[in-house]
């Protein structure tokens, strides 16, 4: 099970709750990449650049998705850029958490997000570019709409039980 969405959509928070409900392992792809690299995501971007990060992200995604089925993976917001990642995500149950760009922009104003954009226009443009890719891989789309993470996780559980 994978969760995708733009930065600030709640992938990690909802993913953690969902994994707890299922008694599955929770993984955040960015955390796994950072651990493998021995550096934080901002440090990877600064010292090695985005192409290096994206390659490491792709290899890590494949490794995690080829692992045990009983895990919930919160993917980084840009994982869908690479068509090879989209092809692999399309093979597993993938949930897209979507919100309006203005809501996401307000949630992501910290330095820990290297591609957050300096202004709303940059942020919204990047989101609009990625939106078709999120939709391409999503078996389920959910708008959290400021609901508690447990409520969103319950919607995903209900969907999984119907699969």
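No value in this document is a laboratory result; all are computed from the given coordinates. Bear in mind the structure is a predicted one, so any value in this text is a computation, not a measurement. In this analysis, Cβ positions are derived from the backbone assuming ideal geometry, glycine residues included, and neighbour counts consider all displayed protein chains.
Worth pointing out:
- Footprinting exposure proxy for 21, 35 (fewest neighbouring C-beta atoms within 10 Å first): 35, 21
- Virtual spin-label span in nm between residue 136 and residue 52, 7 Å along Cα→Cβ: 2.7 nm
- Chain lengthening between residue 157 and residue 122 when straightened (0.36 nm per residue, less Cα-Cα): 9.2 nm
- The alpha carbons of region 2-162 occupy a box of 43, 34, 25 Å along the principal axes, longest dimension given first.
- Burial ordering of 53, 26, fewest other beta-carbon atoms within 10 Å first: 26, 53
- Helix-only arithmetic for the chain: the sum of -39500 (n - 2.57) across DSSP H runs with n ≥ 4, divided by the residue total, places the mean residue ellipticity at 222 nm at -17000 deg cm²/dmol.
- Computed FRET value (nearest 0.05) for residue 31 with residue 100, which takes r as the C-beta separation and R₀ as 35 Å: 0.85
- Distance from region 1-31 to region 47-88 (C-alpha centre basis), Å: 14 Å
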